[in-house]
Amino acid sequence: MKNWAGNVEYSTDDVRHPTTTAEVSAIVAAVDAAGGRVKALGSRHSFSTIADTAGTLVALDRLDAQPTLQFGDDGAPVSVRVGAGSTYAQVGAYLAEQGLALPNLASLPHISIAGAIQTGTHGSGVRNGSLASSVLALEIVRASGAVEVVGEHDADFAASVVGLGAVGIITAVTLRVQPHFQISQYVHQGLSWTAALANWAAIMSSGYSVSVFTTFQGENTHQVWSKRRLDVDGPELDLAALGATEATVALHPLPGVAADGVTGQLREPGPWNERLAHFRSEFQPSHGEEIQSEYLIPAEHGVAAITALRAIGDRIAPLLHISELRSVPADTAWLSPSYARDSLAIHFTWKPLLPAILAVLPLIEHTLEPFAPRPHWGKVATMSPAGLRRAYPRLDDFAAHVRRVDPDARFENAYLKRVLSHD
């Protein structure tokens, strides 16, 4: 069995599909008694080996996924409890029917709730935290099979919400909700890098969610996607006044790919769950035959970092489908790539050319090193454990927490052993 992109082949045939938390607990307890290893498996969208194991894989796709609303003292809904294997498309459709919303979505609604938050996945918007920032509580099956609930006010919450699958198997997640809202999405082409970099902060804050697509070559950006929330966004920044041209037909962010699978554009208003993601859930997302990498840097270094990457664009562009630049505000999860700092996310969607990608990533990481890059846990990177410790200041604290909650390393795999080591 392979991951979604086909670049990771899992190291076991022992794949279980429990339907309840009790079944997950029994599986994990049996593995513990046998002295084995176990990992959770979500939507298989990670491009790294973070979810691999030679032991038992517990797939979350058949867990009871019926969402349950929770209400405040005034009778208004304040949160929703969902099965960890639920996708954002499923939860979004349910909430929209209830007149409710999540603050943000990633580019793909196909991904599972638990997998997304455990790896620090995010969308875009200077006001929109990573997906983990919407989490109020986690239901976790520990190595003994015991089931615990870790809430936002518990001491180990910040170490658990972006937990890399190292602290247990997440079986349910409680998410903060808000009233339903609508989004209008539109796309510009031909924005010059001169204009973009001179107005970078204004561009990235000009909508509820903004993405700039590029190949890091040429004088112009490829596309700028602006998603405007109709009830809160102020006057828009006129990108046409900066020399860009607004698209009059729907566009896919990847050159040469038909736009059938993208969410509604051309300023047509639509519900949040049908606009905040880039891709429609009923279609194959993005390109499919691809590998992804991503690094988050402090937002204040964005212009300098982009300029540095453009200087090596001739090394990057031949391997790219496209790169996407997004904003992510600071959050409090220890291993979130946006922990304690407003960030620019620099995402690479690569062609499936893994040896060449692994050869160019050290150059990219070296180029970004002056800006303190943090790699996304679910994507391909080559940063050393020492480099990860410089990038993530709470990584040693996290490793100590993992030793406390999983002293026999039941949830360990080769990826975690490397990440949490000092080698």
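Structure summary
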{"quantity": "Estimated inter-spin distance, V249 and H17, nm [label 7 Å along Cα→Cβ]", "calculated": "4.1 nm"}
{"quantity": "Computed label-point distance, nm, for sites E300 and D73 using a 7 Å Cα→Cβ extension", "calculated": "4.0 nm"}
{"quantity": "Stokes-Einstein D for the range 288-385, Kirkwood Rh over Cα pairs, 37 °C, 0.692 mPa s (µm²/s)", "calculated": "242 µm²/s"}
{"quantity": "Cα Rg, Dmax (largest Cα-Cα span) when computed across the range 356-403, Å", "calculated": "11.9, 36"}
{"quantity": "In degrees, nearest ten, helix 395-405 long axis to first principal axis of the chain (Cα)", "calculated": "30 degrees"}
{"quantity": "³J(HN,Hα) computed for each position of the range 130-146 - Karplus, 6.51 cos²θ - 1.76 cosθ + 1.60, integer Hz, glycine/proline x", "calculated": "4, 4, 5, 6, 8, 7, 9, 7, 10, 9, 10, 8, 7, 4, 6, x, 5"}
{"quantity": "Per-residue SASA entry for W377, accessible area with 1.4 Å probe, Å² rounded to 10", "calculated": "0 Å²"}
{"quantity": "Acute angle (nearest 10 degrees) that the helix 354-368 long axis makes with the longest principal axis of the chain, alpha-carbon atoms", "calculated": "70 degrees"}
{"quantity": "FRET efficiency, 1/(1 + (r/R0)^6) with R0 60 Å, evaluated for D408 and N199 via beta carbons", "calculated": "0.65"}
{"quantity": "Interatomic Cα distance distribution for the chain, bins of 20 angstrom, percent", "calculated": "27, 59, 13, 0"}
{"quantity": "Debye log10 I(q)/I(0) for the range 133-261, one point scatterer per Cα, at q = 0.09 Å⁻¹", "calculated": "-0.46"}
{"quantity": "Alpha carbon convex hull of the range 20-171, projected area averaged over orientations, nm²", "calculated": "9.6 nm²"}
{"quantity": "Approximate shape of the range 1-98 as ellipsoid semi-axes (Cα gyration tensor, √5λ), whole Å, largest first", "calculated": "30, 18, 9"}
{"quantity": "Members of K2/K351; K227/K351; K2/K39; K227/K379 lying beyond 20 Å, as alpha-carbon distances in this model show", "calculated": "K227/K351; K227/K379"}
{"quantity": "Calculated [θ] (222 nm, deg cm²/dmol) that DSSP helices of n ≥ 4 give over the chain, each run adding -39,500 (n - 2.57)", "calculated": "-6500 deg cm²/dmol"}
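The values are calculated or read from the model by the stated rules, or taken from the named source; none is laboratory data. Quantities reported herein were computed from a predicted structural model and do not represent experimental measurements. No Cβ is skipped: glycine too gets one built from the backbone with ideal geometry, and neighbour counts run over all protein chains shown. Just so you know, the surface numbers come from the protein's heavy atoms only, side chains and all, with ligands and any DNA or RNA stripped out. Shrake-Rupley method; radii C 1.70, N 1.55, O 1.52, S 1.80 Å.
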